[in-house]
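Encoded as structure tokens, the structure appears first; notes follow it.
The values are calculated or read from the model by the stated rules, or taken from the named source; none is laboratory data. Note that this is a predicted model, so its numbers are computed, not measured. Quick reminder, even Gly has a Cβ in these numbers, built from the backbone with ideal geometry, and neighbours come from all protein chains shown.
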Amino acid sequence: MHIKAEKRDVAEKVLAVEDKETALVLSRLLENPKLVNQNRELYVYTGNFKGHKVSVATHGIGAPSSSLVFEELSQLGVKLIVRLGTARSLNDKVKAGDIVISSGASYVPGGTVGEYITESFFVLAAVPDLLLSEKLVEEFSNSGISVKTGPTFSNDNYYSKYYDNKAENLNAKNFLCADMECASLLALSSLRGFRAACALIITEELSANNKKGISEEDLKKLITKAGSAVFDALIES
């Protein structure tokens, strides 16, 4: 419906990012990248990394957009998805420029993820593939990137003031950072049977003592460096 591509056009292993500009940058790390979808600006590139077929897909902002993309990638035969995205720190130990590997994403009950269940007595677990997460930690460490692992929080509404009002509460519960898409990816991976993990670049620090951010120039450099590490993890997983 939205990713106008055939199964043969999309690799079984996908690096998913938030915007088409990032997808374009990371596609340049591939050999012979080909744009296989640009419908709705959900750009998908497919090429080879060190001789292995991989794709880069744009999932947009928030759970509604990302869930749509993850669903359709699964329908196209994708077996493994790593989200390389951005997040806000909720913990004094997590600094701008760090990368957090989510060990599990909590979310407010209901919303996009909540629409996948009709039962009222449980919520979907949103946890990553452990071996894939371990491989990401290994590749980031080998690349000299500061990496941390722990629980993360996904919120549907960026401007809800949730972070401002609840940041200290989430920090007290040892959440490392907050994003908008991890819970949808990790919950869907369980429902649809593909492997998934999330690597989050910390762009802002929102704890009580720090409100620092990473510059656009440094972010672009880190995305490229991190993207190469993610591709290594993809082809080895």
Q: Check SER89, SER66, SER27 and return the single one that is surrounded by 15 or more Cβ atoms within 10 Å (Cβ to Cβ) and farther than 25 Å from GLU217 by Cβ.
A: SER66
Q.
One residue is enough: does region 53-60 have a residue meeting the conditions free of Cβ contacts under 8 Å to residues at least 40 places away in the same chain, not in a loop (DSSP other than H, G, I, E, B) and not β-branched (Val, Ile, Thr)?
A. no
Q) Which one is farthest from SER67 (Cα to Cα), of the residues in region 124-153 that are touching a Phe, Trp or Tyr at 6+ places or on another chain (Cβ under 8 Å) and hydrophobic (A, V, I, L, M, F, W, C)? A) VAL147
Q.
Filter region 1-36 down to the residues that are in contact (Cβ under 8 Å) with a residue 60 or more places away in the chain and in a strand (DSSP E or B) and list them by number.
A. LYS13, VAL14, LEU15, ALA16, VAL17
**Q.** Residues of region 82-121 classified as among the β-branched types (Val, Ile, Thr) and farther than 14 Å from THR152 by Cα, total
**A.** 5
Q: Read through the list (1) closer than 28 Å to MET1 by Cβ; (2) in contact (Cβ under 8 Å) with a residue 40 or more places away in the chain; (3) touching a Pro at 6+ places or on another chain (Cβ under 7 Å), then give the number of the only condition that LEU176 fails.
A: (1)
Q: Taking only region 129-138 into account, find how many residues are crowded, with 18+ Cβ neighbours inside 10 Å and either farther than 14 Å from ASP98 by Cα or at pLDDT below 95 (or both).
A: 4
(Q) Of everything in region 115-128, what is at pLDDT 85 or above and among the charged types (D, E, K, R)? Give them in sequence order. (A) GLU115
